[in-house]
Every structure is written in structure tokens, then in C-alpha cells.
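All remarks here apply to the structure that follows.
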Amino acid sequence: MIRDNYPEYYSIESYPAAKTICIRKTEDEWGILGNFAQTPVVVNGVTFDCTERLFHILKLRSDNPEGFRDMMAQPGGMRIKMHVKKLYKGHPDWFHDHWPSMVVDAMKFCLTLKYEQSETFRQELERSRGKFMVEDETARKKGRDADSWGAVLRGDEYVGPNLLGRLLMKLRDNGKLEYTLPDDALTFIKPLS
């Protein structure tokens, strides 16, 4: 998906472990930098408890209020991610066909909102200056390679695509991320009645 639609982000990177901040769990020191952190963001008057929920909701087609209600009702944390996988198997028609061509822009949008709306998030990004950032998937991958978003510890280096870490470092260094979403990407996000 990344290789075909975002070739500029399709690479394997490496970072010296001694100079790297690791994002693992929300309760860890750098947990607020992760998408599961309870750092609310507001879109069209709707509050999302974390950027992970908003990111997965952006996968839904704009003519699908039922899917939106379903996703908003789910408990937080990793359960959001697991629920989306199950939901897709049962209701593939609820999802964008063009999600692969907007996945990175959707993440940039979510991170930008978090940056604009959370002073604590901005402060922690600033505190990380001079360090690399990785979403550490070492424990979860158990000897396998990292997925598109993270990196794994190999000897004294973190190795992997580390797309989340790269976007966070770019946001920290530039104060913004450029993105483009389809015109209708946010139209169905409105307060539930």
C-alpha cells in the first residue's frame, strides 16, 4: 500500500538506539506521542478520545453513518484497531476503496490536529528535540520485521520503515505536515443524535 501510493515513504530506516525515543505504551514516558494516547481531538464538533480512533474512522465511506456510530461506540486502545479488522470482514462496503491512496495523508491530518489542539503533545515533541523517534514494535513482532509504522531493535539500532516516527519528527521540526484528503472525507463526522 505505501510502496504503490507513497513511494517517498517506502524505505527501511535505521536509528542508533542510544539516541532514540521509543513510543511503546501510553503509560510510558513518551506515551503521549502515540496514537492510542488519550489526547482528545475535535473535528466538526465531535470529540475523538485519541487519534487512533479518528484515523480508523477516516477509512469509512462518507455515506456510512452506521459505521461511524459503530466505531464511536467501541472501547478505546488497541481494541479500536482490532475491531476495524473484524468490521472490514463483515462490512467491506462500509470502507473507502481509495483508502490506500489516502492512508498517509489521513495520518498527517490526525497528527496535525493533535499538534494544534494539545499543548502537552506539542511540549513533549519539543522536549524530544535532538533525538530520533520510533514506534517500537520489538516486543510485538517477536523477531519479525516491523510493519510500515514502526521499527524493531536489531543490536544497537532500531530498524524499520518507522513511518509514524518519521512523521512525528517532521511535525516537530516544521510545526506542520502537508496533507490532502478527499473533499468528502470529513462530511459524515457530526455529533451523534
* Can you run down the residue pairs with Cβ atoms below 7 Å, 6 or more apart or on separate chains, where the first is in region 107-121 and more than 14 Å from residue 34 (Cα to Cα) and the partner is among the aliphatic types (A, V, I, L, M) and surrounded by fewer than 18 Cβ atoms within 10 Å (Cβ to Cβ)? => 109/181; 117/42
* Asked: Taking region 149-193 as the search range and keeping residues that are of a type in the set (S, T, N, Q), in contact (Cβ under 8 Å) with a residue 40 or more places away in the chain and surrounded by fewer than 20 Cβ atoms within 10 Å (Cβ to Cβ), which one is farthest from residue 64 (Cα to Cα)?
  -> 180
* Does region 137-147 contain at least one residue that is hydrophobic (A, V, I, L, M, F, W, C), under 28 Å from residue 97 (Cβ atoms), part of a loop (DSSP other than H, G, I, E, B) and out of contact with any helix residue (DSSP H, G or I) (no Cβ under 7 Å at 6 or more places or on another chain)? -> yes
* Which residues, counting only those in region 117-126, are charged (D, E, K, R) and loosely packed, with under 13 Cβ neighbours inside 10 Å? -> 119, 126
* Structure fact -> The condition of being more than 24 Å from residue 145 (Cα to Cα) and surrounded by 12 or more Cβ atoms within 10 Å (Cβ to Cβ) holds, among 57, 80, 2, 23, only for 57
* Does residue 115 satisfy being of a type in the set (Phe, Trp, Tyr), modelled with pLDDT under 95 and either within 19 Å of residue 169 (Cβ to Cβ) or assigned to a helix (DSSP H, G or I) (or both)? -> no
* Asked: How many residues are in contact with a strand residue (DSSP E or B) (Cβ under 7 Å, 6 or more places away or on another chain) and surrounded by 20 or more Cβ atoms within 10 Å (Cβ to Cβ) if we restrict to region 35-54?
  -> 4
* Every residue from region 140-171 that is basic (Lys, Arg), closer than 27 Å to residue 48 by Cβ and touching a strand residue (DSSP E or B) at 6+ places or on another chain (Cβ under 8 Å) -> 166
* Asked: Given the conditions (1) free of Cβ contacts under 8 Å to residues at least 24 places away in the same chain; (2) touching a Phe, Trp or Tyr at 6+ places or on another chain (Cβ under 8 Å); (3) crowded, with 19+ Cβ neighbours inside 10 Å, and given that residue 146 satisfies all but one, which numbered condition is not satisfied?
  -> (2)
* Scan 88, 9 and give me the residue that is within 25 Å of residue 122 (Cβ to Cβ), surrounded by fewer than 20 Cβ atoms within 10 Å (Cβ to Cβ) and hydroxyl-bearing (Ser, Thr, Tyr). => 9
* To do: Report the residue count in region 43-76 for those that are of a type in the set (S, T, N, Q) and either in contact with a Leu (Cβ under 7 Å, 6 or more places away or on another chain) or in contact (Cβ under 8 Å) with a residue 40 or more places away in the chain (or both).
  => 4
* Among strands (runs of 3 or more DSSP E) lying entirely in region 1-107, which contain 2 or more residues that are closer than 23 Å to residue 187 by Cα and not aromatic (Phe, Trp, Tyr)? -> 41-43, 46-48
* Asked: Going through region 39-71 one residue at a time, which ones are of a type in the set (S, T, N, Q) and more than 13 Å from the chain's Cα centre (by Cα)?
  -> 44, 47, 62, 64
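The values are calculated or read from the model by the stated rules, or taken from the named source; none is laboratory data. Just so it is clear, the model here is predicted, and its values are computed rather than measured. When we count neighbours, we look across all protein chains shown, and the Cβ atoms used for this are built from the backbone with ideal geometry, even at glycine.
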